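*Asks:* Below you will find the structure I want to go over with you.
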Amino acid sequence: MAMTDPISDLLTRIRNAHLAGHEAVEVPYSRVKNEIVKILQEEGFLAGSKLNEKKPFSTLTVLLRYTANRQPAIQSVRRISKPGCRVYASKDEVPRVLGGLGVVILSTSKGLMTGKKAQEQGLGGELMCEVY
């Protein structure tokens, strides 16, 4: 079966790897996935990532982050806008996740960014996912 939602796939792989206690997870590379991973890294949810350039297709190794007592840094990750049901928010409607403790990632006209950055720049866009 062909994959219809690569972003959901990325989030599910991260969620499953965290639940299984893995240190890292490998996902097929795409620019959008790379941007999402970069944002989650900047926000402190992931330890890092590295691009593995192989011949047929490249992969992205995502390094997971845990707290001191081996709890996953990501408590919940949820896809908001899906291929069958896109969800958009204007600059005034960008949601806050857990009163600002979590992040919502938006796809704006200026690229992917967190909800906080989008509000600072007065941008709305497609709500990709929320993480806390």
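*Asks:* Could you tell me how many of the residues in segment 14-34 are touching a residue at least 24 places away in the same chain (Cβ under 8 Å) and assigned to a helix (DSSP H, G or I)?
*Replies:* Here the count works out to 8.
*Asks:* Here is a follow-up. The conditions are (1) out of contact with any His (no Cβ under 6 Å at 6 or more places or on another chain); (2) closer than 22 Å to Ser8 by Cβ, and Tyr66 fails exactly one of them. Which is it?
*Replies:* Just one mismatch for Tyr66, condition (2).
Taken together, the values in this text are just the output of simple stated rules run on the coordinates, not laboratory data. Quantities reported herein were computed from a predicted structural model and do not represent experimental measurements. Cβ sites come from the backbone with ideal geometry, for glycine too, and all protein chains shown count toward neighbours.
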